[in-house]
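Below is one structure; the comments refer to it alone.
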Amino acid sequence: MNLSSFSINRPVFTVMVALIVILVGAISVSRLPIDLIPEVEFPRLTVATSYENASPEEIEQLITRPVEEAVAAVPGVEEIFSNSLEGNSQVTLSFVWGTNLDEASNDVRDRLDRILNRLPQDADRPQLRKFDPNQFPVIILGASSRLDPIDLRTLLDNRIRNRLDRVPGVGAVDVW
């Protein structure tokens, strides 16, 4: 006896099996979690260093190159990108997928500690950041006023920023 003849000879059974399959499917779909932005951890670390009032050429020679040389030997590094701007150096390390970023960040910190005495004394300590798409801003606000730009910046830093930081759900407020 094949499936088609079995289904024709027992129509009530066939309809019940089809309804059970549809019901189980509907319940499963309704309980399926939907995440619009899934948690993804990119294997990428960034070393950011500030050195006020320095030209991009000085930043590259005094900060970016020593940092690149120090972190190049960290296990799992696939690519290194660097960007030297006025007063700021960013060295981005891309790791092989599957690399444990906690271990890699510890290795990078160890390498950076070894070169701290080679960096300029006025330069800030290098900061290590993990790339997290969830840290991108959801809202960017602009402010304008007839105040002097320095007074406006002081007002934003001292009053507005603190109030926005206290709002529930706000992760961070950066004033640019």
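So the values come out like this:
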| item | result |
| --- | --- |
| Segment 149-169, residues that are open to solvent by 80 Å² or more (accessible area, probe 1.4 Å) and among the acidic types (Asp, Glu) | Asp151 |
| Long-range neighbours under 7 Å by Cβ, at least six apart or interchain, first residue at positive phi within segment 77-102, second outside any strand (DSSP E or B) and open to solvent by less than 60 Å² (accessible area, probe 1.4 Å) | Gly87/Tyr51; Gly87/Ala54 |
| Any hit, segment 82-97, residues being under 17 Å from Tyr51 (Cα atoms), at pLDDT below 90, open to solvent by 80 Å² or more (accessible area, probe 1.4 Å) and not hydroxyl-bearing (Ser, Thr, Tyr) | yes |
| Given (1) surrounded by 12 or more Cβ atoms within 10 Å (Cβ to Cβ); (2) modelled with pLDDT under 85, number of the condition Pro126 does not satisfy | (2) |
| Selection from segment 111-123 of residues that are surrounded by 12 or more Cβ atoms within 10 Å (Cβ to Cβ) and more than 15 Å from Ala54 (Cα to Cα) | Arg111, Leu112, Asp113, Ile115, Leu116, Arg118 |
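Conditions tested, residue by residue: (1) surrounded by 12 or more Cβ atoms within 10 Å (Cβ to Cβ); (2) modelled with pLDDT under 85; (3) under 24 Å from Arg109 (Cα atoms).
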{"residue": "Val12", "(1), (2), (3)": "no, no, no"}
{"residue": "Ile37", "(1), (2), (3)": "no, yes, no"}
{"residue": "Thr46", "(1), (2), (3)": "yes, no, yes"}
{"residue": "Thr49", "(1), (2), (3)": "yes, no, yes"}
{"residue": "Glu57", "(1), (2), (3)": "no, no, no"}
{"residue": "Gln61", "(1), (2), (3)": "yes, no, yes"}
{"residue": "Pro75", "(1), (2), (3)": "no, no, yes"}
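The values are calculated or read from the model by the stated rules, or taken from the named source; none is laboratory data. Just so it is clear, the model here is predicted, and its values are computed rather than measured. Glycine also receives a Cβ, built like all others from the backbone with ideal geometry; neighbour counts cover every protein chain displayed. Accessible surface areas use protein heavy atoms only, side chains included; no ligands, DNA or RNA. Shrake-Rupley method; radii C 1.70, N 1.55, O 1.52, S 1.80 Å.
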